1. Take the Cβ-Cβ distance between residue 55 and residue 104 as r, set R0 to 25 Å, and report the resulting FRET efficiency rounded to the nearest 0.05.
2. Which net charge results for the neighbourhood of residue 60, defined as the other residues with beta-carbon distances under 13 angstrom from its beta-carbon, given Lys and Arg at +1 and Asp and Glu at -1?
3. Using each residue's phi in region 61-72, evaluate 6.51 cos²θ - 1.76 cosθ + 1.60 at θ = phi - 60° and report the 3J(HN,Hα) Karplus result to the nearest Hz, with x for Gly and Pro.
Amino acid sequence: MHRNTWKQGEARIAKLFNTTRTPLSGICSRHTSSDTLHPNLYIEIKHRKELPLLVEFRKEWEKCVENSKKESKTPLFVIIKKYSNEPLVLLKLKDIPVVAKYMSISD
């Protein structure tokens, strides 16, 4: 995967939530360990050539939830498949309204 591919994917997801991607590499930026600078959502974005079984992301999801608690944010886990414009998201059912209110999707 080209080194800019994941950056572009993170920027695209960040834009959907009216924010920007975290500069540098997440926690190295000293802003947040999230992949975006959203003040209320902890957005973790993963890029893969193939969509894995969600069970394969269990530890990463749990880490996302743990980190979101440290920052008092709502966790949102996004999986982007290479060559696809349809990312998948993983979030708690109770968080759907919270996440939806921050989304900005245009046709």
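No value in this document is a laboratory result; all are computed from the given coordinates. The model shown is predicted, which means the values in this text are computed figures rather than measured ones. Methodologically, a virtual Cβ is constructed for each residue, glycine included, from the backbone with ideal geometry; neighbour enumeration extends over all protein chains shown.
1. 0.20
2. 0
3. 5, 4, 5, 4, 5, 4, 5, 5, 5, 4, 9, 6
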